[in-house]
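The values are calculated or read from the model by the stated rules, or taken from the named source; none is laboratory data. As the structure is a computational prediction, the values presented were derived from the model and not from experiment. Using ideal geometry, Cβ is built from the backbone for each residue, glycine included, and neighbour counts are taken over all protein chains shown.
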Amino acid sequence: MRGCGPGAARGRVRWTWTGARSLGPVLVAEDRIYAQVGTALHVLDPDGAEIARIAPALDSMRLLALSGDALIVRTPRGVAALDAAGAIRWEHVTLQDLRAVAIGPGEELYLWTIDASSRPRKPSALTRLEPNGAARWTEPHALAIVGYVLGMELACDDGGVLYTLCRARLGDGVSGDDASAGGVAAYDGAGCRWVHRDCAREHLDHVHGLAAGAIGSGGAAVCFTREGDLAWELSESDGPLVEVDGLEGGLRIDPRLAALPQRLHDPGQDRAKTSLACTFDDAGNTYLGRLQSGPPRIDRLFCLDPGHHLRWRLDVPPVPFAFSPPIIGPDATVLLAQQATLTAIE
């Protein structure tokens with residue numbers, strides 16, 4: 001995941017902030033940090049001081065994105081925009097099940113909804129909302145979704161082309177003869193640009209927008225151009241093996257994956273006990289966390305320079321499962337969210 005900012009140079013804790021319970025999404029906007037705890041949003045300054053608590057009149061919500069001076073949240077009925085006081089500016093109600101949301105380069109919002117019935121072929125639709133919440137268009141998705149839906153994702157490139165990825169399964173999930181289904185498609189203001197109906201070969205799980213084009217990641221990484229051509233493909237065994245002090249087994253790193261979260265991986269023999277997550281700052285430095293369930297138990301945050309040399313490493317309190325990708329924070333920091341605690345590292 002690539003962030004905006006210079007990141008952390010020293011590898012020492014500047015401050016910690018603890019919420020009343022586990023943290024939800026954490027987003028950064030210039031000199032403000034927004035951390036969701038339950039249905040409340042806590043606003044912190046770069047020094048970790050809480051300057052506001054926003055409690056919208058919603059039974060449930062999930063912070064999705066920051067759009068200008070608005071907070072975009074998912075609600076039980078669809079999506080909504082909140083102002084700085086938590087008042088609802090607008091809400092868009094979806095008639096079908098909302099599965100994916102993305103924000104474009106012009107602060108426009110894209111929604112992907114699907115028929116939630118049990119019928120085997122499920123129609124879905126894309127909707128574009130303007131920053132003021134007005135619906136600009138809605139159109140059926142060109143891909144008929146068949147089988148059990150495992151995941152749906154949206155991403156925009158810097159030119160405003162929208163990419164969609166659906167993962168589905170044909171079969172009962174038990175007998176062993178299941179087949180992968182789903183596909184990748186691209187849309188612009190004129191409609192559907194292209195569709196790849198079968199992504200089973202690549203085992204794609206996620207889609208990420210680039211400056212122009214998109215990368216699908218999963219069992220492999222595949223780069224699509226805006227025209228739908230395959231620019232390149234990488235397997236998990238590609239890339240040079242880089243030895244890092246304090247990280248047993250080293251890492252395989254390919255610079256073409258710098259836009260992706262969680263694509264650095266440990267090639268050690270017992271990969272089930274190791275979890276990695278990474279983020280890149282504006283200078284190309286890499287921040288990654290490693291959890292090894294042991295023995296011995298080692299939880300650390302590492303920073304590598306663009307040449308993959310170790311800048312610093314920091315032991316952190318144990319986390320129960322896996323690291324979330326570190327977040328590039330304000331004022332030359334990196335933020336690490338662990339359970340109910342947010343830590344700023346300088």
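Strands (runs of 3 or more DSSP E) fully within the stretch 103-180 that include at least 1 residues being more than 22 Å from the chain's Cα centre (by Cα) and within 19 Å of Gly218 (Cα to Cα): 148-156, 162-170. Total residues in the stretch 295-339 satisfying the condition of being modelled with pLDDT under 85 and charged (D, E, K, R): the figure is 3.
Is it fair to say Asp282 is within 20 Å of the chain's Cα centre (by Cα) and either modelled with pLDDT under 80 or not in a strand (DSSP E or B) (or both)? So Asp282 passes the test. Screening Ala84 against (1) more than 28 Å from Cys278 (Cβ to Cβ); (2) in a strand (DSSP E or B); (3) small (Gly, Ala, Ser) leaves a single unmet condition, (2). Looking only at residues of the stretch 126-163 that are among the β-branched types (Val, Ile, Thr) and within 29 Å of Asp83 (Cβ to Cβ), we find that the one that is surrounded by the most Cβ atoms within 10 Å (Cβ to Cβ) is Thr127.
Scanning the stretch 81-96 for any residue that is among the aliphatic types (A, V, I, L, M), under 22 Å from Leu150 (Cα atoms) and under 20 Å from the mean Cα position of the chain (by Cα) turns up nothing.
Inside the stretch 44-71, residues that are under 15 Å from Leu27 (Cβ atoms) and under 25 Å from the mean Cα position of the chain (by Cα) make up a count of 15.
Listed by first and then second residue, the pairs with beta-carbon distance under 6 Å, at least 6 apart or on different chains, first residue in the stretch 94-111 and more than 18 Å from Asp69 (Cα to Cα), second surrounded by 19 or more Cβ atoms within 10 Å (Cβ to Cβ) and of a type in the set (Phe, Trp, Tyr), are Arg99/Trp112; Ala100/Trp112. Please go through the stretch 48-81 and give me each residue that is out of contact with any Phe, Trp or Tyr (no Cβ under 6 Å at 6 or more places or on another chain), assigned to a loop (DSSP other than H, G, I, E, B) and modelled with pLDDT of 95 or more, ordered by number. The one that is out of contact with any Phe, Trp or Tyr (no Cβ under 6 Å at 6 or more places or on another chain), assigned to a loop (DSSP other than H, G, I, E, B) and modelled with pLDDT of 95 or more: Ala49.
When the stretch 30-46 is filtered for residues that are surrounded by fewer than 16 Cβ atoms within 10 Å (Cβ to Cβ) and either touching a residue at least 40 places away in the same chain (Cβ under 8 Å) or not in a loop (DSSP other than H, G, I, E, B) (or both), the ones remaining, listed by number, are Glu30, Asp31. Here Ala100 clears all of (1) at pLDDT 90 or above; (2) assigned to a strand (DSSP E or B); (3) surrounded by fewer than 20 Cβ atoms within 10 Å (Cβ to Cβ) except the condition numbered (3).
Scanning the stretch 2-28 for residues that are of a type in the set (A, V, I, L, M, F, W, C), under 23 Å from the mean Cα position of the chain (by Cα) and surrounded by 15 or more Cβ atoms within 10 Å (Cβ to Cβ) turns up Ala8, Trp17, Leu23, Val26, Leu27, Val28.
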